[in-house]
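Since every read-out is calculated from the coordinates, none of them should be taken as a lab result. Small disclaimer: the values here were computed from a predicted structure and weren't measured. Reconstructed Cβ throughout: ideal geometry from the backbone, glycine too, with neighbour counts over all protein chains shown.
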Amino acid sequence: MEHTTSPSSHPIEVRLSWALLSLRVTVFIVMFVWTLDKFVNPSHGMAIFEKFYGVGGVTEMAVYILGAFQLALVFAFLAGIAKRYTYGLIFVLHGGSTLASFAQYFDAFNHLLFFAAWPMWAACFALYLLRDADTRFVIGK
């Protein structure tokens, strides 16, 4: 007879650490692709700054520099380095982009994908609040 374990036979800390890892990895995937976009298509980044943040005249070099900082941040976030700061910055940055897109929510049916930002922002918030319990495959404490 095959031995199986039920989820209730694992301590809550073990299940929580796996759940937090899944949130961290999936938030990283989204943030990483957004970061890569700055290098692959810097004109898209320039247009986003103008349309959503009201900042015109952003140069391609500025987009590359911001992308480099963001790249360092998302890899530190993935590795669990300095969680108070990296998880906090990811939460704040994603929150800023979510709120900057606020006008899109009023035309919901033409901008459905923008609504995916809200549960991701909640995931970032959960990761920040539970950062001490996020212990799977982290470099930092």
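Amide H contacts under 5 Å for Gly80: Ile139, restricted to partners 5 or more places along the chain or on a different chain, H placed in the peptide plane at 1.01 Å from N. When only the Cβ of Lys, Arg, Asp and Glu is charged (+1, +1, -1, -1), the dipole of segment 1-135 relative to its Cα centre reaches about 200 debye. Residues in segment 10-16 carry Karplus couplings, in order, of 9, x, 4, 5, 5, 5, 4 Hz; the curve used is 6.51 cos²θ - 1.76 cosθ + 1.60 with θ = phi - 60°, and Gly or Pro positions show x.
I need the shape label for segment 1-97. Rule: rounded when a/c is under 1.5, else prolate if a/b > b/c, else oblate, with a, b, c from the alpha carbon gyration tensor.
prolate
Once R0 is set to 35 Å, what does the formula 1/(1 + (r/R0)^6) return for the Cβ-Cβ distance between Val14 and Leu112, expressed as a FRET efficiency to the nearest 0.05? For R0 = 35 Å, the calculated efficiency reads 0.45. Converting phi to 3J(HN,Hα) with the Karplus coefficients 6.51, -1.76 and 1.60 and the offset θ = phi - 60°, segment 125-135 yields 5, 4, 4, 5, 5, 9, 4, 6, 8, 7, 10 Hz in sequence order, with x at every glycine or proline.
Cut-off is 10 Å between beta-carbons; in what order do Glu50, Glu13 appear when sorted fewest neighbours first?
Lowest count first: Glu13, Glu50.
Find how many whole Å separate the alpha carbon centroid of segment 16-32 from the alpha carbon centroid of segment 54-72. Taking the Cα centre of each part, segment 54-72 and segment 16-32 sit 25 Å apart. Evaluating 6.51 cos²θ - 1.76 cosθ + 1.60 at θ = phi - 60° for every residue in segment 47-61, the Karplus couplings come out as 5, 5, 4, 6, 6, 9, 10, x, 10, x, x, 5, 7, 4, 4 Hz, glycine and proline recorded as x.
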